[in-house]
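A quick write-up on the structure given underneath.
The values are calculated or read from the model by the stated rules, or taken from the named source; none is laboratory data. As the structure is a prediction and not an experimental result, all values here were calculated from the model. All Cβ positions, glycine included, derive from the backbone under ideal geometry; neighbour counts span all protein chains shown. In case anyone asks, the SASA skips ligands and DNA or RNA and just uses the protein heavy atoms, side chains included. Shrake-Rupley method; radii C 1.70, N 1.55, O 1.52, S 1.80 Å.
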Amino acid sequence: MTADTSLPDFAAAVMPWLLRDPVRNNQLLTMLQSRLDGVVPTEPDLLMLRVDDSLGALRAVAVRPPPFPMLLSDVSAGAVIRLGPHLARHRPEVRRFTGPAASTELLVARVAERSGAPASLLASYRMFQISVVRPPAGVAGHPREAALPDRDRLVEWSAAFQREALAEHPPSDPAAPIDGRLALGSLLWVWESGGEPVAMTAMTAPAAGVVRINLVYTPPPQRGNGYASALVAAVSRAALAARLRPVLFTDLANPTSNKIYRAIGYRPLQDTSLWEVG
């Protein structure tokens with residue numbers, strides 16, 4: 001197992017392997033590419049781990065940008081045996097782990113066993129992809145790209161989104177996801193009705209031709225009108241028209257979001273989970 005201290009060296013070692021399945025590995029690829037490009041500053045204590053087998057073939061990738069959970073690739077059984085004890089030694093700094101459901105559960109069990117701390121499942125998610133969009137009919141308004149005059153409103157909505165959707169571990173700066181996307185352009189969208197924005201969503205910057213739809217939010221007074229569904233459908237269609245592959249994640253505890261995304265054409269790809277040890 002190797003703990004890298006150089007992001008360019010780590011990326012050169014792991015990205016060709018991750019690019020074999022750029023859809024399932026989109027979160028890791030986006031995390032690495034955004035830091036390589038300088039879109040996100042590289043944290044001085046970014047933890048980057050990779051596990052090779054006895055023949056030198058890569059079997060697992062794990063990256064933790066503080067203060068977020070450690071993000072895992074699929075982890076082979078052999079890699080679990082080697083990676084688990086190493087991660088146990090990083091407690092309590094590294095307590096949360098997220099990745100493909102089955103292998104993440106095995107790894108977390110190993111970490112818990114070696115550290116003597118209990119493991120708790122915090123959330124279960126499902127990753128979806130889409131190839132044909134079925135937009136909802138009869139939704140008042142239209143989509144448009146967000147612009148600088150929208151900034152303050154969208155920062156307020158970003159904070160509300162974090163309180164609702166990321167209550168377990170919200171980022172500290174609600175402006176960061178807004179300002180970053182406004183600076184890049186074409187990544188932050190709103191649905192406008194009656195001359196006012198009534199919902200927002202965003203895309204990550206493309207990584208190997210894949211974009212992730214996230215930051216889907218409608219303020220409570222505007223809910224129930226189909227704005228979020230229509231906006232996600234419009235942004236997904238725009239991504240497909242640009243020859244990109246849109247994906248998104250849903251919380252399996254939220255039946256509403258799972259239903260509306262299926263209705264516009266998203267199909268399940270894999271389940272992921274978020275665990276805490278200790």
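Among residues of region 80-95 that are over 15 Å from residue 66 (Cα atoms) and in contact (Cβ under 8 Å) with a residue 24 or more places away in the chain, those with a beta-carbon under 6 Å from a residue that is open to solvent by 20 Å² or more (accessible area, probe 1.4 Å) and hydroxyl-bearing (Ser, Thr, Tyr) at least six positions away or on a different chain give the pairs 88/115. From the list 193, 186, which one is touching an Asp or Glu at 6+ places or on another chain (Cβ under 9 Å) and polar (S, T, N, Q)? Just one listed residue meets the conditions, 186.
Of the residues in region 87-103, none is at pLDDT 95 or above and in contact with a Gly (Cβ under 9 Å, 6 or more places away or on another chain). Of all residues in region 1-12, those that are open to solvent by 60 Å² or more (accessible area, probe 1.4 Å), in contact (Cβ under 8 Å) with a residue 40 or more places away in the chain and part of a helix (DSSP H, G or I) total 0.
Within region 239-249, take every residue that is open to solvent by 40 Å² or more (accessible area, probe 1.4 Å) and within 20 Å of the chain's Cα centre (by Cα) and give me the one that is farthest from residue 132 (Cα to Cα). For region 239-249, the residue satisfying everything is 249. Examine region 156-172 for a residue that is more than 23 Å from the chain's Cα centre (by Cα), surrounded by 13 or more Cβ atoms within 10 Å (Cβ to Cβ) and within 24 Å of residue 236 (Cβ to Cβ), and state whether such a residue exists. No: zero hits. Per this entry, residue 273 is counted among residues that are in contact (Cβ under 8 Å) with a residue 60 or more places away in the chain, within 26 Å of residue 35 (Cβ to Cβ) and not in a helix (DSSP H, G or I). The set of residues in region 173-207 that are part of a helix (DSSP H, G or I), open to solvent by 50 Å² or more (accessible area, probe 1.4 Å) and either farther than 19 Å from residue 30 by Cβ or modelled with pLDDT of 85 or more (or both) comprises 179, 183, 184.
A quick yes/no check of all residues on (1) at pLDDT below 95; (2) charged (D, E, K, R); (3) over 18 Å from the mean Cα position of the chain (by Cα):
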| site | (1), (2), (3) |
| --- | --- |
| 3 | yes, no, yes |
| 14 | no, no, yes |
| 24 | no, yes, no |
| 29 | no, no, no |
| 33 | yes, no, no |
| 36 | yes, no, no |
| 40 | yes, no, no |
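Of the residues 133, 75, 111, 155, the single one that is within 30 Å of residue 38 (Cα to Cα) and in contact with a Lys or Arg (Cβ under 8 Å, 6 or more places away or on another chain) is 75. Scanning region 236-260 for residues that are in a helix (DSSP H, G or I) and either over 18 Å from residue 24 (Cα atoms) or at pLDDT below 95 (or both) yields a total of 9.
Looking only at residues in region 138-160 that are assigned to a loop (DSSP other than H, G, I, E, B) and among the aliphatic types (A, V, I, L, M), which one is nearest to residue 192 (Cα to Cα)? For region 138-160, the residue satisfying everything is 140.
I'd like to check something: does region 227-235 contain any residue that is touching a residue at least 40 places away in the same chain (Cβ under 8 Å), assigned to a strand (DSSP E or B) and either open to solvent by 30 Å² or more (accessible area, probe 1.4 Å) or within 22 Å of residue 138 (Cβ to Cβ) (or both)? No: zero hits. Applying the set (1) outside any strand (DSSP E or B); (2) open to solvent by 20 Å² or more (accessible area, probe 1.4 Å) to residue 265 leaves exactly one unmet item: (2). For region 13-53, the set of residues classified as touching a Pro at 6+ places or on another chain (Cβ under 8 Å), open to solvent by 60 Å² or more (accessible area, probe 1.4 Å) and in contact (Cβ under 8 Å) with a residue 60 or more places away in the chain consists of 24 only.
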